[in-house]
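The structure under discussion appears below in the form of structure tokens.
The values are calculated or read from the model by the stated rules, or taken from the named source; none is laboratory data. It should be emphasised that the depicted structure is a prediction, and the values quoted were computed from it without experimental measurement. Cβ atoms come from the backbone with ideal geometry, glycine included; neighbour counts cover every protein chain shown.
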Amino acid sequence: MLSERTRGSLLKEIDLTKAQFLHLVDRARRLKHADDTGNAVPRLAGRNIALVFEKSSTRTRCAFEVAAHKEGAHVTYLDPSGSHLGKDESVPDTARVLGRMFDGIEFRGFSQNIVEQLAEYAGVPVWNGLTDQWHPTQMLADILTMTEHHDGPIEEIVYCYVGDGRNNVARSLLVTGALLGMDVRIVTPRELWPPEDVVEIAEHLAIESGARILLTDSVSDGVTDADFVYTDVWVSMGESDEQWASRVGLLTPYRVTASVMKLTGKPDSKFMHCLPSIHDRSTDAGQRVFAQFGLDGAEVTDEVFESAGSVVFDQAENRLHTIRAVLVAALGG
């Protein structure tokens, strides 16, 4: 069951207890197995779900659409030009309209305040597909992926995020590991450490769960003994191109290279990334980074990204299964 306080919504990781979080991961695992064995049974026939996107997406949109379709539900996709949200109509008004027509609403955009208002006024479950602060559906997929590639209790898993510690993925990884009692490290220059209020939330959760938390600017200290090394793009969607110059200077020493992976001391350590990634020159972004800074790839080298230890496409697939679990838990019983 999702948190009763949010009426089936998932707005941020700390809306869930440890038991609720792991219940969703387990349900996703069972749904995935049912697909693999041909035993899947749709549970959301007749349901209608609105997908509201301020930010474009590949994985989030596709995962929500396919998850809904597999369960027999219908979706309506609203891109930034497809609704009046926040421009000609207030968020509360839009929420109340959508709540009269849909059984659930997904939102992917900039402000956490918008998804919180949607949940307050819609009267139906609302799910955060990403905001500038939190990325809960990604975390469910990441934990499913980690447990698929690690034997033993979840509390024994050691994972390390290397990169911009202020972004939504870093914040979410920090509080998720703290919630679940894991060993979580955030490796970033001190100028890019997570906000103090996020660190305080994680420290409080860690006291209850027994999690081990490390914030450090030392790559070697952070990745030693890590089962998973995780990174993300250096400049997030919506940030200005001018951010690249300062980020490259700060974060080039924090690129995930083969040498960084070796520092774990574990030959079977896995590499993780929420995607999309700048790991070579095959994209416009990769070409710009090379032309301006001489880097072939940015946050991770192509050697690591394409290595046998890379589980990035397992993560991408698991977005589907965990989002499906969220929808079924909220709307299907």
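Checking LYS32 against (1) surrounded by fewer than 20 Cβ atoms within 10 Å (Cβ to Cβ); (2) over 22 Å from VAL126 (Cβ atoms); (3) touching a residue at least 24 places away in the same chain (Cβ under 8 Å), which test does it fail? Of (1) surrounded by fewer than 20 Cβ atoms within 10 Å (Cβ to Cβ); (2) over 22 Å from VAL126 (Cβ atoms); (3) touching a residue at least 24 places away in the same chain (Cβ under 8 Å), only one is false for LYS32: (1).
Surrounded by 20 or more Cβ atoms within 10 Å (Cβ to Cβ) and more than 13 Å from LEU327 (Cα to Cα): which single residue out of PHE110, PHE53, PHE64 fits that description?
The unique qualifying residue is PHE53.
All conditions in (1) over 19 Å from VAL187 (Cα atoms); (2) surrounded by fewer than 22 Cβ atoms within 10 Å (Cβ to Cβ); (3) not hydrophobic (A, V, I, L, M, F, W, C) hold for SER259, with the sole exception of (1). Here LEU140 passes the criteria (1) surrounded by 14 or more Cβ atoms within 10 Å (Cβ to Cβ); (2) on the phi < 0 side of the Ramachandran plot; (3) in the same structural domain as THR322 (by TED's automatic domain parsing); (4) not β-branched (Val, Ile, Thr) except the one numbered (3). Just name the residue that is nearest to the chain's Cα centre (by Cα) out of those in the stretch 251-284 that are under 14 Å from VAL311 (Cβ atoms) and among the aliphatic types (A, V, I, L, M). Restricting to residues being under 14 Å from VAL311 (Cβ atoms) and among the aliphatic types (A, V, I, L, M), the top hit is LEU275. Among the residues of the stretch 230-238, is there at least one that is acidic (Asp, Glu) and touching a residue at least 60 places away in the same chain (Cβ under 8 Å)? The answer is yes, given that some residue of the stretch 230-238 is acidic (Asp, Glu) and touching a residue at least 60 places away in the same chain (Cβ under 8 Å). Among the residues making up the stretch 309-333, those that are at pLDDT 95 or above and in a loop (DSSP other than H, G, I, E, B) are GLY309, VAL311.
Got a sec? Which strands (runs of 3 or more DSSP E) wholly within the stretch 148-248 have at least 1 residues that are in contact with a helix residue (DSSP H, G or I) (Cβ under 8 Å, 6 or more places away or on another chain) and within 22 Å of SER310 (Cα to Cα)? It would help to see each step written out before you state the result.
On the way: elements: 158-162, 183-187, 212-216, 228-231.
Here the list reads 158-162, 183-187, 228-231.
Screening THR76 with (1) hydroxyl-bearing (Ser, Thr, Tyr); (2) touching a helix residue (DSSP H, G or I) at 6+ places or on another chain (Cβ under 8 Å); (3) farther than 19 Å from LEU10 by Cβ gives one miss only, at (2). Which residue is modelled with the lowest pLDDT, if the candidates are limited to the stretch 7-61 and must be aliphatic (A, V, I, L, M), over 17 Å from the mean Cα position of the chain (by Cα) and not in a strand (DSSP E or B)? By that ranking, first place goes to ALA40.
So, GLY222, is that one in contact with a Phe, Trp or Tyr (Cβ under 8 Å, 6 or more places away or on another chain), of a type in the set (Gly, Ala, Ser), farther than 25 Å from ALA28 by Cα and touching a residue at least 24 places away in the same chain (Cβ under 8 Å) or not? So GLY222 fails the test. A single entry from GLU191, GLU200, GLU208, GLU196 fulfils the requirement of being assigned by TED's automatic domain parsing to the domain that holds ASP268, acidic (Asp, Glu) and in contact with a Leu (Cβ under 8 Å, 6 or more places away or on another chain): GLU191. Of the candidates LEU180, LEU250, the single residue that is farther than 19 Å from GLU155 by Cβ and of a type in the set (A, V, I, L, M) is LEU250.
Residue by residue, here is whether (1) without any contact (Cβ under 8 Å) to a residue 12 or more places away in the chain; (2) at negative phi; (3) among the polar types (S, T, N, Q); (4) in contact with a Leu (Cβ under 7 Å, 6 or more places away or on another chain) holds:
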position	(1), (2), (3), (4)
LEU251	no, yes, no, no
GLY265	no, no, no, no
PRO276	no, yes, no, no
GLY286	no, yes, no, no
GLN292	no, yes, yes, no
LEU295	no, yes, no, no
VAL304	no, yes, no, no
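Inside the stretch 62-108, can you point out the residues that are part of a helix (DSSP H, G or I) and touching a residue at least 60 places away in the same chain (Cβ under 8 Å)? Explain how you work it out, then say what you get.
Start the filter on the stretch 62-108 by keeping residues that are part of a helix (DSSP H, G or I), which leaves 62-70, 91-101.
Correct list: CYS62, ALA63, PHE64, VAL66, ALA67, ALA68, LYS70.
Scanning the stretch 288-308 for residues being within 24 Å of ALA245 (Cα to Cα), part of a loop (DSSP other than H, G, I, E, B) and not small (Gly, Ala, Ser) gives a total of 4. Answer with yes or no whether ASP26 is acidic (Asp, Glu) and exposed (fewer than 14 other Cβ atoms within 10 Å of the Cβ). For ASP26, the condition - acidic (Asp, Glu) and exposed (fewer than 14 other Cβ atoms within 10 Å of the Cβ) - is met.
Kindly provide the set of residues from the stretch 306-319 that are under 18 Å from the mean Cα position of the chain (by Cα) and touching a residue at least 40 places away in the same chain (Cβ under 8 Å), ordered by number. If the condition is that a residue be under 18 Å from the mean Cα position of the chain (by Cα) and touching a residue at least 40 places away in the same chain (Cβ under 8 Å), then SER310, VAL311, VAL312, ASP314, GLN315, ALA316, ASN318, ARG319 are the ones that fit.
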